Each structure stands twice: as C-alpha cells, then as structure tokens.
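K.L.:
Let me begin by handing over the structure; questions about it come next.
The values are calculated or read from the model by the stated rules, or taken from the named source; none is laboratory data. No experiment lies behind these values; they were computed from the predicted model shown. Positions of Cβ are backbone-derived with ideal geometry, glycine not excepted, and every protein chain shown enters the neighbour counts.
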Amino acid sequence: MKINTQSSTYRWAIFVPSLVIIAIAIAYSVYWFNLASNLRRNIDDWIADQNQQGYAISYETLDISGYPFRLHIDLNDVTVSEPGHPNDWTWNAEHVVGLTLPYKLNQIILELRGAQRIDYIENLGPVARAPHRYTVTASAKAARSSLVFSKRKLKRLSIDVTKLNAVRQGPDGEQTLKAERLQMHTRPAVSQAGMTSSPPASGLDLFVQADALVLPYGDDFTSHPASPIDAIKINMVMPDMDSAVINSSSLASWAEKGGHLEIVSSHIIWDQINIAASGALHLDAQNRIEGEVSTLIGGYDQFVTLLVDSGAFDKNTGALVSSGLGLLAAFNGDGQGRIKTPVRFEQGEIFLGPVKVGSMGPVISPYN
C-alpha cells in the first residue's frame with residue numbers, strides 16, 4: 001500500500017501550528033487569570049496593611065475584568081478615613097476605576113467617576129477659633145491620574161481634572177471652586193534651565209497648571225478682575241523631597257530639615273494682570289512661607305485695584321502705590337509697561353517691593 005506522504009505532511013503543517021497557538025492561548029489565559037487573582041489579593045492586602053497603620057479603607061464591591069488585553073479594576077463606594085487624626089477626615093468616592101496592562105504592570109491609570117465627598121474638621125488651634133466641620137462635594141467631567149512605579153516606589157504621578165466643580169459647606173456658608181482644567185505632574189528632579197542651584201542628588205520636580213480657575217472669594221472681596229483666572233502655570237523643584245511619598249507628614253519633615261522650594265518659572269494671567277515670577281522659598285519655624293521671588297508684573301493698575309478691593313490698601317494708599325509703580329515702570333520696566341520688582345515673604349507678611357500687600361498664615365497647621 002502506498003502512503004500519501006504529501007497529504008500527511010500537509011495535515012501536520014496545519015495541526016502543529018494550531019496546537020502551538022492553542023497552547024499559547026491556554027498559557028496566556030492562565031497567566032492573565034493568575035494576574036487578576038494576585039491583583040485582587042494585593043489590593044486587599046494593601047488595604048489591610050493601611051488599616052493596621054491607622055487608616056480605615058473599605059469598598060462595597062471589587063471587580064476585575066478586561067480579559068485578554070487589559071486588567072480593568074472596578075471599585076464601588078470607596079471610603080477612606082483616618083480615625084484619630086486632628087482633621088477627622090473622611091473621603092468617599094462613588095466609583096474608582098483602575099487600568100493596567102498585563103505586560104506593563106508598573107503603570108496604573110486611575111479614574112474617579114461620580115461625586116466625591118470629603119468631610120473634615122478645620123483645626124486652626126485655640127488662638128484662632130474653635131474647630132469647625134466642613135463638607136466638600138466635588139464633581140468633574142473627567143478626573144484621571146497616571147502612576148508609574150519603579151522597584152515598588154512611585155516615580156511619576158500625573159493628575160488631570162477637567163470641568164471641576166467643588167462646593168464647600170460649613171459654618172461660614174457655601175463656597176465654590178471651579179476650574180476648566182487642573183493638572184499636576186511630578187517626577188524625580190532633573191536639571192532644568194533656570195534653577196538657581198545645581199541639580200539635587202534627590203528631589204521632586206513639580207508642575208502645576210490651572211485653566212479658567214474660579215476661586216471662592218470671601219465677603220470682603222467684593223470686586224476683582226474678570227473671573228475666572230485665565231491661566232496659572234508653575235514649574236518648581238523641591239530638592240531632597242522623596243518623590244515616592246507626598247503627604248503632610250513628609251512635607252513637615254522636609255521643611256524641618258531645611259527643605260526649600262525653587263520656582264523655576266511661573267506665570268499668571270488674569271484679565272489684564274500678567275505676572276511672571278521665579279525664586280526660592282522655604283518655610284519658617286511657624287510653617288509660613290519665607291523668601292523672595294523676582295517678578296515681572298503687567299497690568300499693575302488692575303493689580304492695585306485688586307489689592308484695594310481685597311482690603312490690603314485703602315483708596316488713598318492704592319493711589320500712591322499705583323503712582324509709584326508707574327514711576328517704577330518708567331525707570332525699571334521692560335519697555336512693554338511691565339515692572340520688575342521683588343515680592344518678599346517675611347514673618348507671615350507679603351511685601352511688593354517695600355510695601356506690605358497682605359498676610360499669610362501657616363501652610364502646614366501644627367494642629368492638623
């Protein structure tokens with residue numbers, strides 16, 4: 001009997017690759033479901049570890065889907081609090097979504113959906129006033145963040161929020177903060193043009209941007225330039241700040257060790273007001289900003305009007321300051337009507353050149 005070797009070879013040519021593909025698919029499926037199981041366990045283990053360190057974290061449901069190309073994490077009704085903290089704060093999110101890729105587990109995309117609610121006590125200490133409880137309810141069209149890890153440490157963080165609307169309710173009534181877009185990006189510090197010192201061995205680069213920002217004004221702020229603030233951009237470096245840990249405790253420790261902030265560049269556009277600034281700042285013993293920045297100010301007439309309306313100056317003083325700034329622009333301007341003048345922060349007070357224009361309390365309250 002004669003065997004048809006050509007037909008047999010053809011069948012094997014189809015059969016063997018099919019077996020290989022099936023084996024790869026089975027192996028990958030086992031790998032994916034093992035990753036999903038480990039991810040769920042790691043989330044629960046991390047929550048248990050945080051709860052042992054004094055936090056209280058819980059969720060209603062946790063689902064992991066996305067097979068075969070991604071790991072899609074759905075957390076519903078997430079609550080985070082810190083019992084015993086002076087602020088007695090609680091954060092609740094309707095829906096938290098996470099996304100990572102099976103071949104790129106060191107990067108996670110997080111998205112907050114639905115309303116966010118924060119309850120906290122603002123404790124300013126016995127000298128200021130008794131603590132008051134506040135509630136902030138926030139919503140956004142989109143609120144996303146990207147986290148990149150290296151050797152289990154956070155290396156890069158990006159936060160991007162569009163169409164933010166946050167309402168704070170408390171004893172002093174209701175205040176609203178809005179923004180068309182808010183961004184924050186962090187990474188380990190690298191050398192940048194404009195730094196006043198050499199690049200630090202360790203530290204944090206921080207970039208913040210706000211577009212169409214509407215701030216909550218107090219009752220004494222009856223008039224101000226066109227709202228919202230058109231744009232705020234700040235590029236800064238925090239030498240010796242650990243990029244993996246950013247919270248109030250690490251900031252306080254960093255400040256106590258002499259940490260300072262280098263503003264490489266910053267730009268504020270608010271109607272006719274146009275301010276560019278750079279310089280170095282630090283916190284004094286009372287956690288108040290201290291230092292000096294060089295500024296280039298355009299639209300200074302409207303800037304003085306803002307200071308008068310906010311109560312920093314009376315009308316007569318405002319007129320004198322405006323005249324003085326006009327002379328300064330003539331002799332020390334940039335030819336475009338902008339003035340060059342330092343802004344100094346000292347002992348809780350803010351000076352524009354030699355003139356006091358405002359006050360500032362502690363950035364980090366010792367009671368919080």
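K.L.:
Output the number of the condition that ASP219 fails; it satisfies all remaining conditions of (1) at pLDDT below 75; (2) exposed (fewer than 15 other Cβ atoms within 10 Å of the Cβ); (3) part of a helix (DSSP H, G or I).
P.N.:
Unmet condition: (3).
K.L.:
Out of the stretch 134-189, which residues are at pLDDT 90 or above, small (Gly, Ala, Ser) and not in a strand (DSSP E or B)?
P.N.:
Passing the criteria: only ALA140.
K.L.:
Okay, moving on. Is it the case, given these coordinates, that ASP242 is surrounded by fewer than 16 Cβ atoms within 10 Å (Cβ to Cβ), at pLDDT below 90 and either in a loop (DSSP other than H, G, I, E, B) or touching a Ser or Thr at 6+ places or on another chain (Cβ under 8 Å) (or both)?
P.N.:
Taking the combined requirement at face value, the residue does not satisfy it.
K.L.:
Oh, and also: Report, ordered by the first and then the second residue, all pairs with beta carbons closer than 8 Å, sequence separation of six or more or different chains, a first member in the stretch 266-294 that is more than 22 Å from VAL214 (Cβ to Cβ), and a second member that is among the basic types (Lys, Arg) and at pLDDT below 90.
P.N.:
Going by the 8 Å Cβ cut-off, the qualifying pairs are SER294/LYS340.
K.L.:
Only one of (1) under 20 Å from the mean Cα position of the chain (by Cα); (2) loosely packed, with under 15 Cβ neighbours inside 10 Å fails for LYS104. Which number is that?
P.N.:
(1)
K.L.:
Only strands (runs of 3 or more DSSP E) wholly contained in the stretch 43-132 count here; list those with 1 or more residues that are in contact (Cβ under 8 Å) with a residue 24 or more places away in the chain and under 20 Å from GLN169 (Cα atoms).
P.N.:
Details: elements: 56-58, 61-65, 71-81, 90-101, 104-122.
Once the strands (runs of 3 or more DSSP E) in the stretch 43-132 are filtered for at least 1 residues that are in contact (Cβ under 8 Å) with a residue 24 or more places away in the chain and under 20 Å from GLN169 (Cα atoms), what remains is 71-81, 90-101, 104-122.
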